[in-house]
Amino acid sequence: MTTAKAHTNIALIKYWGKKDQQLIIPQTDSLSLTLNEFYTTTQVVFDPTLTTDQVSINHHRLTPAAAQRTSAFLDLVRQRAGRTEFARVNSINHVPTAAGLASSASAFAALAGAASAAAGMQLNRRELSRLARRGSGSATRSIYGGLVEWHRGHDDHSSYAEPVMEKLDFGLEMLAIMINTKKKKITSRQGMQASVATSPYYASWRQVVANDMQAIKAAIQQRDIPTIGHIAEENALRMHALTLSADPGYSYFNSQTLTAMRAVRALRKRGIKCYYTMDAGPNVKVIYDHRDRERVIAGLSQYFDRSQLIVSAAGPGIQIWDEKTKKVLL
Ligand code: PMV
């Protein structure tokens, strides 16, 4: 039995569109921050007595239909490792309930780590990143800690992530504003497919990302948080313009999302250098220098309940260990 622990990540330069649906080769590069507070631990054991995969998330056993995506991923691992046994998978998401934060990133990174090791494959981090990619695009980046770049590549071999700065030596911090939604979700998979197929701005988006990647990496080298934040905020708005400009148009924002964006801008007017970013859901993440944490929290508390605000520093890369011997495998 093997266990892996992987942290989720939030993109500062977004991945929004696939070139290859099956291999999950993205249209563009992307760059993210791995978060310390939000992670998934997953245990996998291949068991010859099983007649189907048994998957539990947060101690709840999934129906075979709900476990389908996990099973499809396990099929890939079985095929590569030359194994035929079904697996028992126990996964715990350490992400606050209703957070709607990209848990597929930490989930598929942890599954890739635990399943490949349990199947006897000894993958290095780049190989793991490529494998995690097959579960969920954003999982590609969750193999590494800190600031991470996903090179889009052009095939299975060349599309993987790499750290830009794995251990942050400056105070970039993120605060997630938990905004609940009861609305039915458009998955990132559906949403990005619609944008690629129908947004007239998609070609410009590719150019935006190419420019933003260069600029943000330069800003990271300078440890320049306001510039990093500004680029991330503009990039997120341009990504969301691809949802509004699709046919039919859609949006992940709700009224609370707009309130949060306005609140961040109001703080900025008061001289607090903080910036927002949003993914395929209504939650807003705010980035700032950790020295401004209290001022950011105090400012946002005028609009949101304190319990909705969760602070996270940068987090580490994946860890994998043998459950019996506790030997660290990666
Ligand atoms: O790979 P997915 O399905 O989790 O899609 C991720 C999409 C965004 O979170 C909006 C952007 C990103 O790069 O993580």
Quiz item: Which angle from 0 to 90°, rounded to the nearest 10, does the C-alpha axis of helix 188-198 make with the longest principal axis of the chain?
Solution: 60
Practice problem: Could you list, in their original order, any pairs among LYS185/LYS217; LYS5/LYS167; LYS167/LYS326; LYS185/LYS269; LYS19/LYS167 whose Cα atoms are separated by more than 23 Å? | Solution: LYS185/LYS217; LYS167/LYS326; LYS185/LYS269; LYS19/LYS167
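Using a/c under 1.5 as the rounded threshold, could you call the chain rounded, prolate or oblate? The axes a ≥ b ≥ c are square roots of the C-alpha gyration tensor eigenvalues, and prolate needs a/b larger than b/c, oblate otherwise. Numbers along the way, then the final one.
Details: a/c = 1.65, a/b = 1.52, b/c = 1.09.
Judged from the Cα gyration tensor, the chain comes out prolate (a/c at least 1.5, a/b above b/c).
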Practice problem: Report, by chain and number, residues whose modeled amide H sits under 5 Å from the one on PHE38, excluding near sequence neighbours (fewer than 5 apart, same chain). | Solution: THR8
Quiz prompt | For segment 174-280, size of Cβ-based charge dipole, Lys and Arg +1, Asp and Glu -1, in debye | solution = 400
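Test of understanding: what is the full-extension gain from ASN211 to SER255, defined as 0.36 nm times their sequence separation minus their Cα-Cα distance?
Separation in residues times 0.36 nm, less the Cα-Cα distance, equals 12.8 nm.
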Quiz item: Does segment 172-312 classify as rounded, prolate or oblate by the C-alpha gyration tensor (a ≥ b ≥ c root eigenvalues; a/c under 1.5 gives rounded; else a/b over b/c gives prolate, otherwise oblate)?
Solution: oblate
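Run the dipole for segment 2-167 about the Cα centre, Lys and Arg Cβ at +1, Asp and Glu Cβ at -1, nothing else charged, and hand back the magnitude in debye, nearest 20. Could you put the intermediate results ahead of the total?
Values: 18 positive and 13 negative charges, 15 e Å.
With Lys and Arg at +1 and Asp and Glu at -1, about 80 debye.
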Exercise. Run the dipole for the chain about the Cα centre, Lys and Arg Cβ at +1, Asp and Glu Cβ at -1, nothing else charged, and hand back the magnitude in debye, nearest 20.
Key: 480
Practice problem: Please say if segment 128-184 is rounded, prolate or oblate, where rounded means a/c under 1.5 for a ≥ b ≥ c the square roots of the C-alpha gyration tensor eigenvalues, and otherwise the choice is prolate for a/b larger than b/c and oblate otherwise? | Solution: oblate
Exercise. Specify the inter-centroid distance of segment 190-211 and segment 248-279, based on alpha-carbon positions, in whole Å.
Key: 21
Quiz prompt | Rounded percent of accessible protein surface that carbon and sulfur make up, segment 19-58, 1.4 Å probe | solution = 43
Practice problem: For LYS14, go through the aspartates and glutamates and keep the ones whose alpha-carbon is under 15 Å away, minus same-chain ones fewer than eight residues off. | Solution: ASP29, GLU149, ASP212, GLU233, GLU234, ASP279
Quiz item: Angle between the Cα long axis of helix 202-221 and the longest principal axis of the chain, 0 to 90 degrees, nearest 10?
Solution: 90
Quiz item: In nm, to one decimal, how far is the SER245 label point from the GLN22 one, both placed 7 Å along Cα→Cβ?
Solution: 3.1
Exercise. Would you work out which of GLY281, LEU258, LEU242 lies farthest towards the positive end of the dipole of the chain, given +1 charges on the beta-carbon of Lys and Arg and -1 on that of Asp and Glu, about the Cα centre?
Key: LEU258
Quiz item: In degrees between 0 and 90, to the nearest 10, how far off the longest principal axis of the chain does helix 68-81 point, with axes built from Cα atoms?
Solution: 60
Self-check item: Average accessible surface area per residue within segment 161-227, 1.4 Å rolling probe, Å²
Solution: 56
Exercise. Please report, as a whole percent, how much of the solvent-accessible surface of segment 172-312 comes from carbon and sulfur atoms (probe radius 1.4 Å).
Key: 51
Quiz item: Under the Karplus relation 6.51 cos²θ - 1.76 cosθ + 1.60, θ = phi - 60°, what is the ordered set of whole-Hz ³J(HN,Hα) values for segment 304-312, x standing for Gly and Pro?
Solution: 10, 5, 4, 5, 7, 9, 10, 8, 9
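The values are calculated or read from the model by the stated rules, or taken from the named source; none is laboratory data. As the structure is a computational prediction, the values presented were derived from the model and not from experiment. As a convention, Cβ positions derive from the backbone with ideal geometry for all residues, glycine included, and neighbour counts pool all protein chains shown. Areas reflect the complete protein model, heavy atoms only, side chains present, ligands, DNA and RNA absent. Shrake-Rupley method; radii C 1.70, N 1.55, O 1.52, S 1.80 Å.
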